[in-house]
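These notes concern the structure reproduced below.
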Amino acid sequence: RRAPASTAFSTNSLSALALSAYSRDALRAQVDVRLEDFGGRHGGILYLYGAGEEPGPHDAELLTHAGEPFQHMDAAQIFDAEPTLRGAQLTFDHATFCPNDSTGDAARFTRAALRRAVELGARVKFGQTVRGLLRDGDKITGVETGAGRIDADAVVLASGLGSRQLLRTVGA
């Protein structure tokens, strides 16, 4: 596979695709949260484009380089793939179908995963400011909060853009 043009956009897009694929595969491998708990479905996603719209000029190149299968569709193929769209008030000229993509309600998944983690013995603390991670060798052993130290067997880092700053506290 040939890499797309070397630009910051391409590099960032490929990184985002790799993270998405990793997350998708991790979601499918986990067994603790059932699909019905969050309205999940692993049947692919149809990305629709209206009149005068179409996929970005580098989308196919990025998907191909990332090893993600896809199929471009015209209006007739869209209706074959999703017959319920025939009665839609909006019309769609193009679509891209990505068969490996999944869908679901992220908020419901998060609540279900949290419930399951607590059932398995996780302790959850809300409303605390995490100031840094604690480490012993290569292992994260807890967090330092505004209220003091919390030792842990495992730490889930879900701080969005704040993750980089927290990782710096352990030299990562």
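The values are calculated or read from the model by the stated rules, or taken from the named source; none is laboratory data. Here the structure is a predicted model, which means the values were calculated and not measured. We place every Cβ from the backbone using ideal geometry, glycine too, and count neighbours over all the protein chains shown. Note: accessible area is taken over every heavy atom of the protein model, side chains too, but ligands, DNA and RNA are not part of it. Shrake-Rupley method; radii C 1.70, N 1.55, O 1.52, S 1.80 Å.
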Report summary line: With a Förster distance of 25 angstrom and the Cβ-Cβ distance between ALA147 and ARG111, calculated FRET efficiency to the nearest 0.05 equals 0.55
Query raised in the report: What residue among GLY127, GLY43, GLY67 has the largest mean-square fluctuation in a Gaussian network model of the chain, using Cα springs under 10 Å?
Result: GLY127
Query raised in the report: What length, rounded to one decimal in nm, is gained on full extension from SER15 through to THR129, with 0.36 nm per residue of separation minus their alpha-carbon distance?
Result: 38.1 nm
Report summary line: Where a ≥ b ≥ c are root eigenvalues of the Cα gyration tensor, a/c under 1.5 meaning rounded, otherwise prolate if a/b exceeds b/c and oblate otherwise, the stretch 43-114 counts as oblate
Report summary line: Within the set ASP105, ASP153, ASP93, GNM on the chain using Cα springs under 10 Å gives the largest fluctuation to ASP153
**Report entry** Portion, in percent, of the accessible area of the chain that falls on carbon or sulfur, probe 1.4 Å
**Finding:** 54 percent
Report task. Would you please classify the overall shape of the stretch 1-70 from the alpha carbon gyration tensor, given that a ≥ b ≥ c denote the square roots of the eigenvalues, rounded means a/c under 1.5, and beyond that prolate means a/b larger than b/c while oblate covers the rest? Result -> oblate
Query raised in the report: Under the classification rounded if a/c is under 1.5, otherwise prolate if a/b is larger than b/c and oblate if not, where does the stretch 71-172 fall, given a ≥ b ≥ c as square roots of the Cα gyration tensor eigenvalues?
Result: prolate
Report summary line: ALA51 and LEU120 label points (each 7 Å along its Cα→Cβ direction) are spaced in nm at 5.1 nm
Report summary line: Nearest-0.05 FRET efficiency for GLN165 and ASP25 at R0 = 35 Å, using Cβ-Cβ distance, is 0.80
Query raised in the report: Ignoring ligands, DNA and RNA, what accessible area per residue does the stretch 8-160 give at 1.4 Å, in Å²?
Result: 67 Å²
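Please state the relative contact order of the chain as a whole percent: Cα pairs under 8 Å, 6+ residues apart?
Dividing the mean separation by the residue count of the chain yields 21 percent.
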